[in-house]
Amino acid sequence: QVHLVESGGGLVQAGGSLRLSCASSGSGFSISAMAWYRQAPGKQRELVALITSGYSTNYTDSVKGRFTISRDNAKNTVYLQMNSLKPEDTAVYYCNAGFLRGGRWYEYDYWGQGTQVTVSS
C-alpha cells in the first residue's frame, strides 16, 4: 500500500512562488510515474503535471513555463515548483502515482489529503 503526504501549500500573492512536496511511503517509487493534480472549488480535479520514472515531464497548458515537476528517488519525494502564481492557480493540490500507456495517463487510487494553495490578487 502506498501512502502519499503532500505539503508546502500556503497563501501567496500573485507573482509569488511556492514549492510543493509529496512524500511517498511503500515500495516502487523509483519505477512509478508521479503526477500533481489540483481541484479548485466547484471544479473537477485536473492533472497539472506528471513525471515518468525516466524523468520525462508533461504539463497542462495553463502552467507551462511557470511550474516545474521534479523527483528525488532517494527521498521518495516528488516536487512541484510553482512560479509566477496567479489567482486562478488557487486550489487544493494532490499528488498521485500512475503510468502512461499508449500516450494515455492512468492513475492509481493513492490520494493523499492534499495541500491548499491560495493566491491573492
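Inter-label distance, Asn58 to Lys86: 2.2 nm, where each label sits 7 Å from its Cα along the C-beta direction. How many percent of the accessible area of the chain is carbon or sulfur, using a 1.4 Å probe? Ligands and nucleic acids excluded, carbon and sulfur reach 46 percent.
Tell me, what is the percent relative contact order of the chain, built from C-alpha pairs under 8 Å that lie six or more residues apart? Working shown, then result.
Details: 288 pairs, mean separation 42.6, N = 121.
Contact order relative to length: 35 percent.
Magnitude of the charge dipole for the chain, about its Cα centre and with charges confined to Cβ atoms of Lys, Arg (+1) and Asp, Glu (-1), is about 160 debye.
Once you list every other residue whose beta carbon is under 9 Å from the beta carbon of Asp89, what net charge do they have if Lys and Arg are +1 and Asp and Glu are -1? Within the 9 Å Cβ shell, the charges total +2.
Express in % the proportion of alpha carbon pairs of segment 19-66 at distances exceeding 12 Å.
70
Per residue, the chain exposes 53 Å² of solvent-accessible protein surface, assessed with a 1.4 angstrom probe and all protein chains in place.
Between the residues Gln1, Gly54, Gln81, the greatest Cα displacement towards the positive end of the dipole of the chain, with unit charges on the Cβ of Lys, Arg, Asp and Glu, is found for Gly54. Working note: Debye formula, equal point scatterers on the alpha-carbon atoms of segment 69-115, no solvent; log10 I(q)/I(0) at q = 0.21, 0.27, 0.29 Å⁻¹ is -0.99, -1.15, -1.15. Over the chain, the pair-distance histogram of Cα-Cα distances with 5 Å bins from zero comes to 2, 12, 24, 26, 20, 11, 5, 1, 0 percent, rounded to whole numbers.
The values are calculated or read from the model by the stated rules, or taken from the named source; none is laboratory data. It should be emphasised that the depicted structure is a prediction, and the values quoted were computed from it without experimental measurement. Heads up, the Cβs are rebuilt from the backbone with ideal geometry, glycines too, and the neighbour counts pull from every protein chain shown. For accessibility, only protein heavy atoms count, side chains too; no ligands or nucleic acids. Shrake-Rupley method; radii C 1.70, N 1.55, O 1.52, S 1.80 Å.
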